[in-house]
Amino acid sequence: MANSDVRLALWSGTSFSVRRILFRRGGVAVRDLGAFRFNNVLSSFRLRNVVQSSEVTLVLFSRINFQGSFRVFRGSQSVADLGNLNFNNVTSSFILVGRNLTNLEISQIQNTARPPQDVLVIRQ
């Protein structure tokens with residue numbers, strides 16, 4: 001399954017510094033980053049699919065339960081400063097999958113507050 005190849009590291013500081021949380025296996029949907037004491041502190045991240053670098057999507061949401069404004073990142077990448085995207089210290093929930101989510105799928109996630117079925121869901 002593609003989700004087993006996904007890796008995500010989140011940092012509370014810019015340029016991959018300060019506090020870090022790692023997700024090393026599989027797709028995951030975190031309904032409330034407060035579960036990790038990480039609500040509204042995300043400043044940088046590294047995202048990758050170790051087998052197919054283009055097949056990964058990270059969606060950051062400004063509110064819990066996949067609501068509010070959002071930013072979509074497709075393909076393996078590193079973002080050193082979310083402030084450059086006007087999204088520093090605002091992330092409250094996210095979805096990570098080992099494939100490319102379409103804009104329609106992301107819209108459905110927001111409308112239903114339900115992540116894709118093939119991911120681990122973490123609630124607070």
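Things worth noting here:
- Taking (1) in contact (Cβ under 8 Å) with a residue 40 or more places away in the chain; (2) open to solvent by 70 Å² or more (accessible area, probe 1.4 Å); (3) assigned to a helix (DSSP H, G or I) in turn, residue 109 satisfies each apart from (2).
- Residue match in segment 22-30 (condition: among the charged types (D, E, K, R) and modelled with pLDDT of 95 or more): no
- Residue match in segment 91-102 (condition: in contact (Cβ under 8 Å) with a residue 40 or more places away in the chain and over 17 Å from residue 119 (Cα atoms)): yes
- Qualifying positions in segment 50-75 - among the hydroxyl-bearing types (Ser, Thr, Tyr) and more than 18 Å from residue 103 (Cα to Cα): 53
- Qualifying residues in segment 39-60 (those that are of a type in the set (A, V, I, L, M, F, W, C) and free of Cβ contacts under 8 Å to residues at least 40 places away in the same chain) - the one surrounded by the most Cβ atoms within 10 Å (Cβ to Cβ): 60
- Any hit, segment 92-104, residues being among the charged types (D, E, K, R) and surrounded by 16 or more Cβ atoms within 10 Å (Cβ to Cβ): yes
- Within segment 15-60, considering residues that are in a loop (DSSP other than H, G, I, E, B), touching a strand residue (DSSP E or B) at 6+ places or on another chain (Cβ under 7 Å) and small (Gly, Ala, Ser), the one farthest from residue 114 (Cα to Cα): 15
- Single residue of segment 61-85 satisfying the filter (assigned to a strand (DSSP E or B) and among the charged types (D, E, K, R)) that is most open to solvent (accessible area, probe 1.4 Å): 63
- Listed by first and then second residue, the pairs with beta-carbon distance under 6 Å, at least 6 apart or on different chains, first residue in segment 1-25 and acidic (Asp, Glu), second open to solvent by 30 Å² or more (accessible area, probe 1.4 Å), are 5/50; 5/51.
The values are calculated or read from the model by the stated rules, or taken from the named source; none is laboratory data. These numbers come from a predicted model, not from an experiment. Cβ sites come from the backbone with ideal geometry, for glycine too, and all protein chains shown count toward neighbours. Heavy atoms of the whole protein, side chains included, go into the accessibility calculation; ligands, DNA and RNA do not. Shrake-Rupley method; radii C 1.70, N 1.55, O 1.52, S 1.80 Å.
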